[in-house]
Structure formats: C-alpha cells, structure tokens
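Since the structure comes first, as structure tokens, the remarks are kept for the end.
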There are 2 protein chains.
Amino acid sequence: MAEKTVLNWQVGWSDSADEAPARMVPAQVPGAVQLDWARAEGWGDHTYGENWRQYGWMEDKYWTYRARIEPTLLSAEERLIFVSLGIDYSFRVLLNGEELLRQEGMFTPVELDVTDAAGAGGTLEIIVDPAPKRTTAPHDRSQAAHSCKPAVSYGWDWHPRLVTLGIWDETYLTSIPSHRLTEAEVIYTLSEDLTTASLTLTACLGAPADGELAWVVRDPNGEEVLRRTVPISAADRGIATDRAELARLMLWWPHDQGEQPLYTSEVMWLPSDLALATDIRVQRIGFRRVRLVMHEGAWREPSTFPKSRSHPPTTLEINGRRVFGKGTNWVHPDIFPGRFDREMYSALLQLAKDAHMNLLRVWGGGVVNKKSFFELCDEMGLMVWQEFPLACNLYPDDPAYLSVLDRESRSIVRRLRGHASLVLWCGGNELFNAWSGMTDQSLPLRLLNANCLELDSGTPFLMTSPLDGMGHGHYMFRYSETKDVLQAMIEADNTAYTEFGMPAPAPAELIRRFIPEAEWFPPRPGTSWESHHAFKALSDNMWLMEDHLEHYFGPSDSLEQLVERGQLLQSVGYTAIYEEARRQKPKCAMALNWCYNEPWPAAANNSIVCWPAVPKPGYYAVQAACRPVLASARIPRFDWREGEWFEPELWLLNDSTNALPPGSIEAWLRLPDGTRRLLMRWEHEGAGAGENSRGPTARFRMPAIGSGRMQLQLEATGHPEWNSLYTLLLKGAEDRAPARQLLNLQEEAME
Amino acid sequence: MAEKTVLNWQVGWSDSADEAPARMVPAQVPGAVQLDWARAEGWGDHTYGENWRQYGWMEDKYWTYRARIEPTLLSAEERLIFVSLGIDYSFRVLLNGEELLRQEGMFTPVELDVTDAAGAGGTLEIIVDPAPKRTTAPHDRSQAAHSCKPAVSYGWDWHPRLVTLGIWDETYLTSIPSHRLTEAEVIYTLSEDLTTASLTLTACLGAPADGELAWVVRDPNGEEVLRRTVPISAADRGIATDRAELARLMLWWPHDQGEQPLYTSEVMWLPSDLALATDIRVQRIGFRRVRLVMHEGAWREPSTFPKSRSHPPTTLEINGRRVFGKGTNWVHPDIFPGRFDREMYSALLQLAKDAHMNLLRVWGGGVVNKKSFFELCDEMGLMVWQEFPLACNLYPDDPAYLSVLDRESRSIVRRLRGHASLVLWCGGNELFNAWSGMTDQSLPLRLLNANCLELDSGTPFLMTSPLDGMGHGHYMFRYSETKDVLQAMIEADNTAYTEFGMPAPAPAELIRRFIPEAEWFPPRPGTSWESHHAFKALSDNMWLMEDHLEHYFGPSDSLEQLVERGQLLQSVGYTAIYEEARRQKPKCAMALNWCYNEPWPAAANNSIVCWPAVPKPGYYAVQAACRPVLASARIPRFDWREGEWFEPELWLLNDSTNALPPGSIEAWLRLPDGTRRLLMRWEHEGAGAGENSRGPTARFRMPAIGSGRMQLQLEATGHPEWNSLYTLLLKGAEDRAPARQLLNLQEEAME
C-alpha cells in the first residue's frame, strides 16, 4: 500500500472564476475555507457571541486552493495520483493551469492522474465555486433545493447561517503501480437459516495483467476460515469474480442484542510478471440480515370498507429477530464537516451506546459521515439509518439535478454498503410534508430507490420520514392549554416516533462561555441568545420557551434557576415519550428523539448532548428510559392539584433478549412535604424476551399539603437497576396559574 | 415492410417434456391449446353449464405446437425470421429438433433467425410447459405467486378455473433484409408551457451499414411539420440519434377534455449501397403531459402532532389540467387472451366511452392487452391505468422470479410507452393488503418502480392499489343491518375509489343461454348457477345475494322478477357511489367500479357489461352518473318508512371544461301512488369549469300511503340532459322485514 503525501496547501478568494486570489493564506486540509481565513485574520472563535456573522460574505466567493507538487521519483510502472475523498461543493481541479476535472458534488471522491507533474513538479489548484443557490430562492435552506449540498448550513433553527466550502475529507498525493487492485469487494447473501454466507468477490486491476488473487477470509479471532486462489488475466480485462460459501457464521448484532463479530477479507494481487508490484485490499465484514417488516397486528388494519392499505412497515428485523429501534437523530457534530474526525465521532457514539441507544437516524440535512463514523458503529453495534442529502425542500424533477444526485448517491451507496451497521437507506427528511411538497412520484426519490435497489438490495429503503403511520414532533412540553406531552403521547398511535423534541437550555457554565457576560441574565431576544437559538428559532418563544417554564414554576430569578427548570421539563418530557413509545410496542417500533447532538453551542435546543459532547441532564433521563429492562409508569399529566385522583398505570418494559421471572414492583409517592406513601405493590408475572408486561393502575387522591415537586418512585424488589423515578408537580388550590391562550400548534412551527 | 406468413400449426399434448404427442390436431394461432383440443374433440361451448370442467387436466400437460417451414427463396441480403408476439407461458422453440430458445414469460416477444430452414424447409416446434404452479400452494390463485403468469385463470370469484396455455398473440414467419431498421423510436418531452415538444429519435440497424435516415413528422391532418436527414454509419455500429423541436403543438386530451390529435413519425432507411433494401418505421404520437398531483387541500392534512405524512397523490393532471378519473376496472373480455382482437376491444371500449368514462384500470390479475387495445384507446381518448401481472399474492424477493419479472416488465414498458392513452403504471392489485402481504420493501415492486423510471420516467407509477387514502370495496348493497351503500359512501373519505362493486344478475334471456333449463328457477347452489358465480363466489350468498333482494322486496316468483330486482339494486348502488365520489371532488379524484366487463357469462357479477358486450341496466345508470354535467342528490338511504323525514341534498356536478350559468333545478318526488310532489326549487348560481356546486337540502315527511317504489326526479330548467332520477322504496308501517343478523363484513370476503 502506497504512502500518502499530504500537500502544503494555501487558499485565497476572488470575486470571479477567472481572477486569481489577491492573497493566499495557509490552509488546513481537510478543513474549510472559512476556518483558514478566520485563522489568518485572527478572528475570535466562531462559536462565541455573534462572531459567526463575520463569515457571511465568504459563501459567495471563488476559493482557490493551491499546492506545489514536488518532483517525485517514479518507476516506469508507477503513476502519481491525486486523491481527495471530498471537496465541498462545486469545483475544478487544475494542474499547471490545465483543467483536469470539473465536478459538482462533495460525496464523489476525486482520483486524478498527475504523473505529468512527477518529473519537474507542478502546481495543483482546486477552484471552489461559490455555494450553490437556487435562483429566486429566499436567503434560507431553500437555496439548497436544486443541489446535493446539505441544506443545514444555509441556516436552521439550531444552526447559524454559515455555508461551508472547501476540502472536507482526506486528501493526498500517492504513487501507485499501474497494475494495482482498484477494486476488491466482497458482497454476501445469507442462507434462510442464517448459518451460511454466499460470498461474491469482484476484483479489478487498474491495468489488465495476468496473475492471481490470493483471497483469505479470517474470522473475528484471526483464524483463517476461507482461502481461495482466483486466476485473473489480461484477456478478461483484469476483472475477476469468485464465489465461495462460508458456514458456521457468527452473526453481527446491535449491541443490545448480541455481539459484533467482524470478519476480515484480504485480497492479495500476485502478478505473474514478478517485475510488477503486488497489492492488497482489506475489508471488514459483519454478517447480518436486515428486513423492515410489518408489526404484529398490522394486517388487521384498516378493518372497514372502503378498505385502504395497512401502514407501511417500520419494524427492524435483524437476523430474524424484531428489534425495537431506540435511539436518536444525529446531526452535524460541528458546523464544519472538515473537522469531523474519529475522536469527535467516538466521544458522541460512546455516549449514545452508554444511553442504551441502538439506532441513529443520520438526518438528511447534513453530510454523509466519514469512514471512521461507520467503522465505529460497526464495532459498537450501533445501527445507522442513513439519509441522502435532501431535507425540507422541493428537490426538482430537473435533469441537471437528477444527474448530480445519481452520481452522488451511487458514490454514497458504494462507499457504505459494506458496513454491518448500515441498516436503512432513506431519501431524506420530511419530504412528503407540506413544507417540502415532494411525493412518491418525485423523480429524485424514485431514482434513489432505484439506485439503492441496484447497488444494495439487501438494505431496506424509505423514501422519507415520516411515512404514513410514522410521526414527527411535537417539539415542546405543552401541546395546548389543557394537554401536556405526557397525555399527548398516550393519545398518539404511531408505528414509529422518528422525531420528537423537548427543548432545554444548555448548562449555565457552558452558556457563560459563549454568551457575552452583559447578556447573561435575563435572556433577551436580539442578543447572542437569539443567535444561539434561544429565541425566534421556530417561533418567537423557541427554544428557551420561558412561557412554559413560567406556567409551571413562575418567573426565574437567576440563570441557574432558569436552566434547572428547563432541563427538568426536558428530562420529564423525554422520559414520557421514550417510555410511552416503548409501551406501545409492538405497534410502535422506533423511538428517536430530535435531536441527539448539535453543531455548535446552542443556548437552548432539543439536543440532549451539548456541543461538542457534554450531556445535559436530559441525556441521563433518556439513558434511564432506554434501559433494556425497567419499571415504568403511564402518567397522564405533569402537574396535579389537591383533590385530584392520581392514577399511574404500571408496566414492566423489556427490550432485552431475556425472559424476566415473576417478582414485585412497589409504587411510592414522595410528596412535597417529604412524606412517602406506598401507592401499591404489583406482583408481576414477569415478561417474555423482548415483551412488555402491563400491570395494574394505582389510585390515590392528591392531598392538600401545599405546592411543590413530588416524585413517583417505582422500586423493583431485588432489581434496583429497574427502578424508576418520575418528577411531578403538586399545586395547592391557591396556586393557580393564569389562563393562557392556546399554544401555537401551526405546522409552520415545524419548518 | 416484409410480408408475414402465417404457418399451418398443429398441436398435441404429452405427459413429459421428452415425449412426443400421441395425436396432433389443427391449431388456431393465436388461440389456446384448450380451444384447439376442444374443437378437435367436438366439445360443447365452454361457456355453457359445467362444460368448463372438461378442461382441468390440460393445465398439467406439455403441449407441442408443430408447423412446417416450406423452402423459401431468399436473397443473400435476407434472413428468415420467426416472430411471435406472445406465447403463454413457459416454452422452448426448436427448429428441426434443435433448441433455439427457452423462455419463461408471455409478454416478451420472440424473434428467432430460422434462415437455416429456408433452403430445404424445416420443422418448427414450440413446446409449452405445464402451467406454472408454486409448490405447496393450494389449488387457487396463489399457485401463480412465483411467476409472471396472470393469476386470474387459476380461478377467481368471476372466472372459472381454466388455466390458459399456448400462442396468444400474432405469430408469423417473415423474410427481412439484414440491414433493416430494427428500431426507430421517438421519445418526447414537452416544454413547461406545453407548446413545444423536444423529440429524440433513436434508430438502429439490424446490421451496421452506411446511409441516412429520412425522418418526417406529419401533423394529424397529414401536413409535414418536420423533415430531417440523419446520417447513419457502420462506424457508429448502425446506431443513430437525432433531436428536433416541434412547436405549435396540438395536444392529446382524454375525450371528455378535448381532441385526440395523433401525429405520425416516419423513419425511412436509405442505404448508401443501393443494393441494400430500404425500410420504413411508422409511429403514431399523441403529445400530452401526465402528472399525478396532490388534491387541493391535501397538504393541510394531517394537522396534528405527532405529524405523519399527507396522503399520496391520486389526482391525474393532463396537460396542466386536473381531470377527475371516471371509469372502471377492465378485466379479460374472454377467458382466452388468444381470442382478444380489435373487434372485441372496440365494442367494449366504445361502450365505455359512451358511458362518459375516461379512465380504465387494467387490473393486474389479467394480461397486458394487445396492440389494438392501446391504438383504440389513443384514438378514443380513453386513459389507461396499466398494471403489471401481479394480483392478490405474495410475489417473492426470489432472484429467479425477479429476473423473469425484470425482462417481462421491460418488454411491457417498451411496448406501451409510446401510447398517449397510457397515463399510469401500477405494480398490481391489492398487494399491500393482508391477503397479499407485500410491502413497499418488496423487491418486485421496487424493481418495477426502477424499470418504469428508467424506461418511461414521464409516466407516474404506483406500487399498488389501494395506497394510503385510496379505497377498495365494498361489493354489496347492504353494509350492515342499519347501513346501506348510500350512507356508507357519504361517510367514506377516500382520495380515490379505485374499486367498488355492486352485483347484479345477468339478463334472464342471457341466463337461459348458458344455464341448463332444468336449473333456471329457482337458482340453487351446486348447479351451474354456482359455477357461473351466483353462489359461493366470495361468500355463500355472493353474487346473487338473494338475501339482500328478499330484505327489500320479499321472495321472487320468477327468474324475470329476481333479475329485475337485482339489477335495480345494482343501478341504485352504482348511481350512489359514482355520484357521491364526484361530490367528494377535489379530495376524491377517481371513481372506478369493479368491474366493467367479464370473461365469460356470469349468472351474477359486479360487472355492468355482460360477456361478450351486453350492457346491464346498471351500465345505463353508470352512464347517467358519469355525464359531464348533472343534477345530483345526496340521499342517505334506499328504503324509507312513512313518517320519516326525507332530506336529499341537491348538487350540480360539473366535470366539463365549461363554466355553467345560473339556473334552476326542481326536485320532485313521485310517490308509489303515482302522485308527484314538488319538494323544492333551487335557484343555483352555476358552477366553474370542472367545479361542483352544492345546493340546499329539501325536507319532506314521508306520507302514509302504503308501500312501493318511488322516484326522486331532478329537473334542470332548460337542460333536460342534466335531469336525474333516483328510484327509492317506501314502506308502510305494516310492512316490516324481519330483523337479520349483521352482514358478514370480514375482510376474508374480499380475497
């Protein structure tokens, strides 16, 4: 395997494609032109205060990267190749002023022969065009509607307007033999009983030659379980295929269902002509079968005439076992994809796994992650729902757009299809909702379906989320004057909750790092709080939602108090949604909150992990709600009044692969005055593997002991790890909040 | 254009593939082996009584067609070619005992070079395999679930078990020059304003040669509107493409929306070597743009959170204008596709057009029709919804099946995509319902979507019907003890009614022709009545449904009386459904009854046209309900009692392209005693083009004048062609039918 030489890049901007930059500054690659320029100018961190506003002008410039290729000694057999795994977004590559490539799209790798420059050296230039913008579109995400540029950087309710440009993935120079292996990919299908894999190896040489391939497969312990010699010949244009069976398979599972055994396939190229160089390709394989199946009972609905169809399937079946998809929506871990790296991914993915999540929906507003993301997911047993870069826009049936989407989507599928963790393809986000206006007839989505079928037919494909039966939202605690999220979720009846939010402020100590001191408290619109999404994000009160906090708790006196209250509501809300979604199993098959992380420090957001990887209290609430086994209570409201009947329904939730034995669960209520009442003791009969058990409903009259927080405490005898706590409010008769008008539930709020 | 020689075929059967038939009989081609054998044996007509039972054994035999190719004089440039447009279903073709082709699938044409037989002559054999049957399947339609054989002949509730086999479409021998045109197809796209077509001609020679193509397009009046000379060369492998623009287009419309101008494209091949033969290809083109779009208001639903998606689009938009799809489900016009011909199609299609229908759903249980069907639809302005041969089965993700489906579907799309009438592709019938068990993830449907996208991206594609929001069924007058079809339809809320049935007996004089005299009256199960679907079709009482007739009318004394009553209920029911579907426009976009015609004489059926092309009274009721403009009444029940308040709501329905001026409509009730009461006069304000107008609701107390039929009569002043009649029942207080148990509404009934 050849060495990779990272070039010394400089970057500068100009107003037109023909004009050379007036000034060049050092460039970090991978990275972004914005980061390079800010570094050269000595700007303050873009995450602080209003600093992000300095970057606005850059999206409309032409940016030229320039690097010197030094003279390189090559053998007659060698070629000098320039490789870039990703350049954001539309660009030309020039060698000594001559154009080698013009490309639109950041997901199709660049591989260019620059051997001409090996002798005397040469100058490589990458000229990046201004960010694509649909003509006549307003200054928002809809500017991205006619390109494959991820829409998020055009501004979202949790992302500032900062349209990234530049080299965003690994980029280097390398010298390689002409007759190397350019491809050596193993595809498999599993036997119906899942014990045997049929492997198909397809290999290809850069230039036809005679020789053979030594193909070895090792099991996760390094033991050789397959060895084949595959002849390859110039007569067959240097293309070879081979098929083999692999028995006694160890299957890859999501981490909450089993192990993650990873096999290794090595293909070594052994030319007959000993003067030619050998080459080797290594691929890691986790064997699993993925299906998206109907939930139990789905075919019984609808039951009336005129009869429509049953809801489409949303239940993941891995290796023949139905797996509840418990997880979250993954967004950019940083504004700049050029900064995404294994370390950043690792910290966030480990937190997700620690929270018992098994499924990440990688939202279509952002980029398709780098290689290390998928390697980590393979290793950690995290399933990935991968969307293509379409979100909340009307992507057109236009031939020019379709041709870019065709190439980009093929590049994406080819790159990711070998990963065990990749369990679901999806066209993109909310494309069938009013604010996007696409339908099943939209050619971009029919094209993505066709490409996924052709290149990766073993992985299910959704055109978008939500589909019929699935639900997105809502994103707040109080749905109306009379209904909070606890009740709303009990009334909901969806097959999968693939987005639901619950906002909370960031911890006060973080807020103090990116909001200027003069603005700390009280938070006000028109300050850095607004830029950091506390106000006017989706609507005026989002995402700080002080009106909700005041409704329950009255005015806050300090930043700490405000934050604590907001974070409490997030914890209570997310607990309610995740647990109710699990109680609705098997009709419900997924619970994925919006959103997991964030690309920069939001003052308030639906995320449970602050940028870069700091858990909010809500994270721990989600972690508790996602435990494989827990005692759970269906509680129809957060705030209670004296004299009301409190009737929590008890459940034993089990997503584990074990059957649970009979036992007992006690429900205690700790009242605001510190006293603790035993509401009931449930002698449960256990639960089957992966099955919930529904228990009795307690009944207790709220006493007149004043106002304050109280706790419902569920205690599982002998299993303290199943215990659960629910914080609730008790209000005395005197403590009536003023009536308020109905909260705005307009769908515009979701845009 | 070469002459077509029809061969003299004989046919015989054997028990195995290797065995020769013991006896050969004359074969009619196209036809079916069953018809040939029955003719040779002198059997009675298969449509009479129980005669169809004689045919059962034939489906499991090997059938050998044999014909002699006589010595043929060919020039050096000529090849002798055997062509068959369709052989049902799996077969081999042999020349002098040597296998030339093995094929599974009846929709991919056969074209074989048999030049070897030109000199001395030869023997051509087609050995047709037994009908495909999924192993372990019961003796029903599910035997067809692993093949592309249309499922209907395995038995349906209106089709006897009679699995056709043999040569079913045009089949001949022809001598052709090697360098002829094998392809010359024009594809077009229309400009956004629909005034200009961009034409792309793709032409191909059977063997590469130099020369040119003279390409001429003529408008519907025969005027030349385009002439191009396109060079073609052996160097380009005899393949040429050309592009041209055609302005001032006359657009093709469905017959109720405008004219059907058909252009002609002629491509003449003019070789440079004058020794080579010229060739010509002619194609007819109707220019139109088809889209499937969301109905008005669709994006506002759903309005609540968690938010799912809006219903998928079902509104046809032709040339930018939304067109209500008013029509029917087309099934086989005969048991034997080999007998389908232009005359048979023409009679049925003219009746459909005369009934103001503009859309035919060609149901996936049957074959894809022959060329003349689509030529007639192009000429008559009838739109075609074409399904692939999948119906009510779980078609598998199996590679063997997928490869046949891939080839067959490509053949189908290539053959039909040039027809203006073809406005909708669909995967097949009721595939997303319980009795089929397929989903959006099923690979056969993803494959069909991909193939339609690749080969005909301008035509919308549905995976199946019904989709979410669409409705199928029910298929009877009384939905329950308390609800009839009139009320059920008012409560229905679908985006398209793409199947709904209402059974009626055939006319008595027809019944007497195919039911033996001894069985005429009263009809009984276990007789020919049952074979001809009067009993035990979907359930015991279907399709004669005497219990419904008795409920309203008491026992019938004669065949004539029974038939009259059943036909009345069909007329009343279909009137109610079509008109209510139209009243629900624009949310509702289609009304297609189940079914239009039938493949043989059914004693009772949901069809409105008896085999071969005899309208029932229900046909005329549908014709009235489908008039472009009519006065209509929303009536919530068929039978009324004295003292009840009768409250019909008046409407003016307008599917025409004209705005209607203000006017008046009178509602009269003609009571059983012959008296006629004016209920109200509605001074309406007219209606916009293609828009309905909802009027007032009358209110009238049913008088105590005994029992009998009555009529609501709507009379539009100055527009007698808009008048409508509704037959209803009035029952006196003494005339109470016995209470009955709830009718069986189980979904099994739909299978």
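Structure notes:
- Residue within the stretch B:243-253 that is surrounded by 17 or more Cβ atoms within 10 Å (Cβ to Cβ), modelled with pLDDT of 95 or more and outside any loop (DSSP other than H, G, I, E, B) present: yes
- Among the residues of the stretch A:63-73, not a single one is of a type in the set (Phe, Trp, Tyr) and surrounded by fewer than 21 Cβ atoms within 10 Å (Cβ to Cβ).
- Residue count for the stretch A:277-306, restricted to those that are away from chain B (no Cβ under 14 Å), in a loop (DSSP other than H, G, I, E, B), within 28 Å of the chain's Cα centre (by Cα) and of a type in the set (A, V, I, L, M, F, W, C): 1
- Selection count, the stretch A:636-651, where residues are in contact (Cβ under 8 Å) with a residue 60 or more places away in the chain, closer than 14 Å to A:Pro696 by Cα and out of contact with any Phe, Trp or Tyr (no Cβ under 6 Å at 6 or more places or on another chain): 2
- Criterion applied to A:Leu447, A:Leu405, A:Leu422, A:Leu443 was being of a type outside the set (Val, Ile, Thr), surrounded by 21 or more Cβ atoms within 10 Å (Cβ to Cβ) and within 10 Å of chain B (Cβ to nearest Cβ), and the one residue passing it is A:Leu447.
- Taking the criterion of being hydroxyl-bearing (Ser, Thr, Tyr) and at pLDDT below 95, the residues of the stretch B:480-506 that qualify are B:Ser480, B:Thr482.
- Pairs meeting the criteria (first residue in the stretch A:1-28 and in contact (Cβ under 8 Å) with a residue 60 or more places away in the chain, second residue assigned to a loop (DSSP other than H, G, I, E, B), beta carbons under 6 Å, at least 6 apart or on different chains) are A:Trp9/A:Ala27; A:Trp9/A:Val29; A:Val11/A:Ala27.
- Within the stretch B:428-438, considering residues that are at the interface with chain A (Cβ under 7 Å from one of its Cβ atoms) and crowded, with 22+ Cβ neighbours inside 10 Å, the one nearest to A:Gly458 (Cα to Cα): B:Phe432
- Residues in the stretch A:467-479 that are more than 9 Å from chain B (Cβ to nearest Cβ) and over 24 Å from the mean Cα position of the chain (by Cα): A:Arg478 alone.
Yes/no per residue for (1) surrounded by fewer than 16 Cβ atoms within 10 Å (Cβ to Cβ); (2) over 30 Å from B:Pro628 (Cβ atoms); (3) among the acidic types (Asp, Glu); (4) in contact with a Phe, Trp or Tyr (Cβ under 8 Å, 6 or more places away or on another chain):
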residue: B:Ala207; (1), (2), (3), (4): yes, yes, no, no
residue: B:Asp219; (1), (2), (3), (4): no, no, yes, yes
residue: B:Arg237; (1), (2), (3), (4): yes, yes, no, no
residue: B:Pro261; (1), (2), (3), (4): no, no, no, yes
residue: B:Ser272; (1), (2), (3), (4): yes, yes, no, no
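- For the criterion of being in contact with a strand residue (DSSP E or B) (Cβ under 9 Å, 6 or more places away or on another chain) and part of a helix (DSSP H, G or I), B:Leu348 passes.
- Test for A:Ser556: is it in contact with a Phe, Trp or Tyr (Cβ under 9 Å, 6 or more places away or on another chain) and either farther than 22 Å from A:Pro507 by Cβ or surrounded by 23 or more Cβ atoms within 10 Å (Cβ to Cβ) (or both): no
- A:His179 vs. criteria more than 26 Å from A:Leu455 (Cβ to Cβ) and touching a helix residue (DSSP H, G or I) at 6+ places or on another chain (Cβ under 8 Å): no
- Condition check for B:Arg513: surrounded by 21 or more Cβ atoms within 10 Å (Cβ to Cβ), more than 21 Å from the chain's Cα centre (by Cα) and either among the basic types (Lys, Arg) or modelled with pLDDT under 95 (or both): no
- Qualifying residue in the stretch B:523-531 (condition: among the hydroxyl-bearing types (Ser, Thr, Tyr), farther than 27 Å from A:Leu462 by Cβ and without any contact (Cβ under 8 Å) to a residue 24 or more places away in the chain): yes
- Candidates B:Thr123, B:Thr182: the one that is in a strand (DSSP E or B), among the polar types (S, T, N, Q), under 30 Å from B:Pro71 (Cα atoms) and modelled with pLDDT of 95 or more is B:Thr123.
- Residues of the stretch B:485-508 classified as buried (at least 24 other Cβ atoms within 10 Å of the Cβ), in a loop (DSSP other than H, G, I, E, B) and more than 8 Å from chain A (Cβ to nearest Cβ), total: 4
- Odd one out for A:Thr482 among (1) away from every other protein chain (no Cβ under 11 Å); (2) without any contact (Cβ under 8 Å) to a residue 24 or more places away in the chain; (3) crowded, with 21+ Cβ neighbours inside 10 Å; (4) of a type in the set (Val, Ile, Thr): (3)
- When the residues of the stretch B:307-327 are filtered to those that are in a strand (DSSP E or B) and within 14 Å of chain A (Cβ to nearest Cβ), the one that is surrounded by the fewest Cβ atoms within 10 Å (Cβ to Cβ) is B:Glu317.
- For the stretch A:108-120, residues that are aliphatic (A, V, I, L, M) and at pLDDT 95 or above total 3.
- Tabulated pairs, the stretch A:665-682, first β-branched (Val, Ile, Thr), second part of a strand (DSSP E or B), C-beta under 7 angstrom, 6+ apart or interchain: A:Ile665/A:Ala631; A:Ile665/A:Leu650; A:Ile665/A:Leu652; A:Ile665/A:Trp682; A:Ile665/A:His684; A:Ile665/A:Leu714; A:Ile665/A:Glu715; A:Ile665/A:Ala716
- Residues (surrounded by fewer than 19 Cβ atoms within 10 Å (Cβ to Cβ) and either part of a loop (DSSP other than H, G, I, E, B) or among the basic types (Lys, Arg) (or both)) located in the stretch A:672-691: A:Pro672, A:Asp673, A:Gly674, A:Thr675, A:Arg676, A:Arg677, A:Arg681, A:Glu685, A:Gly686, A:Gly688, A:Ala689, A:Glu691
- The combined condition, being outside any strand (DSSP E or B) and in contact with a helix residue (DSSP H, G or I) (Cβ under 6 Å, 6 or more places away or on another chain), is fulfilled by A:Ala621.
- Residues considered: B:Ala534, B:Ala576, B:Ala591, B:Ala581. Of these, the only one that is assigned by TED's automatic domain parsing to the domain that holds B:Lys326, among the aliphatic types (A, V, I, L, M) and within 24 Å of B:Tyr48 (Cα to Cα) is B:Ala534.
- Annotation: of all residues in the stretch A:452-466 being surrounded by fewer than 23 Cβ atoms within 10 Å (Cβ to Cβ) and in a helix (DSSP H, G or I), the one that is farthest from the other protein chains (Cβ to nearest Cβ) is A:Leu455.
- For the residues A:Ala589, A:Ala603, the requirement of being at pLDDT 95 or above, under 30 Å from A:Asn358 (Cβ atoms) and not charged (D, E, K, R) singles out A:Ala589.
- Selection from the stretch B:109-147 of residues that are of a type in the set (Ser, Thr, Tyr) and without any contact (Cβ under 8 Å) to a residue 40 or more places away in the chain: B:Thr135, B:Thr136
The values are calculated or read from the model by the stated rules, or taken from the named source; none is laboratory data. Computed from a prediction, not measured in an experiment: that's the story for all the values here. Heads up, the Cβs are rebuilt from the backbone with ideal geometry, glycines too, and the neighbour counts pull from every protein chain shown.
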